[in-house]
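Peer 1: Dropping the structure in here first, questions after.
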Amino acid sequence: MTIYMDCNATTPLEPAVGAVVRRYLEEEYGNAGSRTHEFGARAKSAVATARNQVAAAVSAEPTEVVFTSGATESNNLAILGLADALKERGLTHVISTALEHKAVLEPIDRLEAEGFRVDWLTPGLDGRIHADQVLQRVSAETGLVSVMHVNNETGVVNPIEAIAEGLRGQQAFLHVDAAQGFGKAPGLTSARIDLISISGHKVYGPKGVGALVARRRGLQRPPLRPLMVGGGQERGLRPGTLPVHLIAGLGEASRLAVAHREERRVRCEEIKHLFLSGIASVPHTVHGDTEHSVATTVNVSFHGADAEAALVCLKGIVAISNGAACTSSAYQYSHVLKAMGVPEKRMRESLRWSWSHLTPDPPMQAIVAALRPLLRG
C-alpha cells in the first residue's frame, strides 16, 4: 500500500467532516439566502455555526469571517482588494517575502506594476523571516505587510506574533497567508493581524472552500473592495450562492482542529521522529530551521539522488512531492529554496515530505532501501 505523505498539497478529509459535508449536500440542501422556508433557515443557521467555528480558531469575531473558495482567493481579495484604498491614502509601499506562495507573489507583482513600491525580504538558510527584518522596513508610506505563517515547502514558522506586536501604532495592514498553519500552529490570535487567509483542504476539510478573516480596528473594517460583483453575499465582498455543505465542513474542520490540536501535534511529532531517525544513516540535508518548524513537514535533499529519479524509485511506497503542488506539474527549482540560498545541486535533490495525524507510520526501511542505490556520501 502506498503511504500518502503529501499533506501540504492537500490533506485527507477527516471522517467527521465528511459526514457534515454529506448532510448539507444530500439532506439539508437549502439555500442560505432563502428567507421564506425552513430549508433556507437551516442552511443559514449552518453557515452561522461555521462562521463562529472558524472565528474561534483565531480569536476573531464571527462577523469578521468572509467565506471564499480557498486561500488563493482570500489572498487575492486581501491584497488586490486593498489596493484602491491604499492608493487613496498614499500608502503605496508594500513589504513581503520571497518565500510566499504564488497566490501572494503574483497579486503583489500586480500592485508593483500599478506603481506600488515593494520590498521583497529574503531569509538565510534557516528559511525564516525575522521580525526585525520586517519592522526595519516599515515607513509612513507602508500600506501592506504580507508574511506567510508556515511555509508550504519547508514547514518553517515565521514570527507572526512578533511582527504584529511591532506594527502596533502603524497604519500598515498586516496580511498573513495561513493556509498551512491555520488549525495546526499557534500565532494567529493577535488582534493586530488584520487579514488571515485560510483553506479548508489544508486542515482536513473539503476542497473548494476557505475564508478571509478581516479583523476590525476599533469599529473600522479593512477597506476591502470586492474583486467580483453580482450579489450581496458576504457583506458584498464575495458574491454568489454560498456552498453550505463546504462551509459547514470548513466549520467542523476548524472546530476539530481546536479541540484536538495537541493530540494531533503529538502524533505528527512521532512521525517526524520516525522519519528523521530513519534517514539518519544516509547522507542528507534538511532545509530550514528545525527548531522553528511544524511537526508535519520536512524538506530534505538526499545527496546524489536527483528528485525526479527518487520519485520513480519511491513509487508504490510513498506519495510525496518535489515542490509545491501549484508548480510541480511543470518542474522547476523551488523559488523558496532559491531564496534561502540553497545550492543548486541540493535544490535538484530536494523532496518535500508532509503528513498528518491520520498518516500511518512511514515504512522507513523500504524508503531508505529504495533510495540507497541513488545515494553518495
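The values are calculated or read from the model by the stated rules, or taken from the named source; none is laboratory data. As the structure is a prediction and not an experimental result, all values here were calculated from the model. Positions of Cβ are backbone-derived with ideal geometry, glycine not excepted, and every protein chain shown enters the neighbour counts.
Peer 1: So, in region 71-100, of the ones that are surrounded by fewer than 23 Cβ atoms within 10 Å (Cβ to Cβ) and within 14 Å of the chain's Cα centre (by Cα), which residue ends up farthest from Gly124 (Cα to Cα)?
Peer 2: Checked region 71-100; the qualifying residue farthest from Gly124 (Cα to Cα) is Glu73.
Peer 1: Are there any pairs, at least 6 apart or on different chains, whose C-beta atoms fall under 6 Å, with the first in region 353-377 and under 15 Å from Met1 (Cα atoms) and at pLDDT 95 or above and the second acidic (Asp, Glu) and in a loop (DSSP other than H, G, I, E, B), and if so, which?
Peer 2: none
Peer 1: Considering only region 185-200, state which residues are of a type outside the set (A, V, I, L, M), crowded, with 24+ Cβ neighbours inside 10 Å and either without any contact (Cβ under 8 Å) to a residue 24 or more places away in the chain or closer than 22 Å to Ser356 by Cα (or both). Show your work before the answer.
Peer 2: The initial filter retains those residues of region 185-200 that are of a type outside the set (A, V, I, L, M), namely 186-187, 189-190, 192, 194, 197, 199-200.
Pick out the ones that are also crowded, with 24+ Cβ neighbours inside 10 Å and you get 194, 197, 199-200.
Scanning region 185-200 gives Ser197, Ser199, Gly200.
Peer 1: Can you pull out every residue in region 197-246 that is assigned to a helix (DSSP H, G or I) and either closer than 30 Å to Ala259 by Cα or modelled with pLDDT of 95 or more (or both)?
Peer 2: Gly200, His201, Lys202, Glu234, Arg235, Val244, His245, Leu246
Peer 1: May I pose another question? Within region 244-270, track down each residue that is crowded, with 16+ Cβ neighbours inside 10 Å, within 21 Å of the chain's Cα centre (by Cα) and not charged (D, E, K, R).
Peer 2: Within region 244-270, Leu246, Ile247, Ala248, Gly249, Leu250, Gly251, Ala253, Ser254, Leu256, Ala257, Cys268 qualify.
Peer 1: Now for a separate question. Of the residues Gly210, Gly218, which single one is farther than 13 Å from Asn75 by Cβ and over 10 Å from the mean Cα position of the chain (by Cα)?
Peer 2: Answer to the check: Gly218.
Peer 1: Which one of these is in contact (Cβ under 8 Å) with a residue 60 or more places away in the chain and under 26 Å from Ile129 (Cβ atoms): Glu73, Glu106, Glu112, Glu61?
Peer 2: From the options Glu73, Glu106, Glu112, Glu61, the qualifying one is Glu73.
Peer 1: Do you know which residues across region 48-70 are crowded, with 21+ Cβ neighbours inside 10 Å and out of contact with any Lys or Arg (no Cβ under 7 Å at 6 or more places or on another chain)?
Peer 2: Of everything in region 48-70, those that are crowded, with 21+ Cβ neighbours inside 10 Å and out of contact with any Lys or Arg (no Cβ under 7 Å at 6 or more places or on another chain) turn out to be Ala50, Arg51, Val54, Ala57, Val58, Gly70.
Peer 1: Looking at (1) within 20 Å of Gly208 (Cα to Cα); (2) assigned to a helix (DSSP H, G or I), which is the only condition Phe67 fails?
Peer 2: (2)
Peer 1: Starting from region 273-284, keep only residues that are under 11 Å from Ala369 (Cα atoms), then list their pairs with residues that are at pLDDT below 95 and assigned to a loop (DSSP other than H, G, I, E, B) whose Cβ atoms are within a distance under 7 Å, requiring at least 6 positions of separation or different chains.
Peer 2: The qualifying pairs are Val282/Leu375.
Peer 1: For the structure I just gave you, tell me whether Pro107 is over 15 Å from the mean Cα position of the chain (by Cα), in a loop (DSSP other than H, G, I, E, B), at pLDDT 95 or above and surrounded by 21 or more Cβ atoms within 10 Å (Cβ to Cβ).
Peer 2: Judged against the criteria, Pro107 is not a match.
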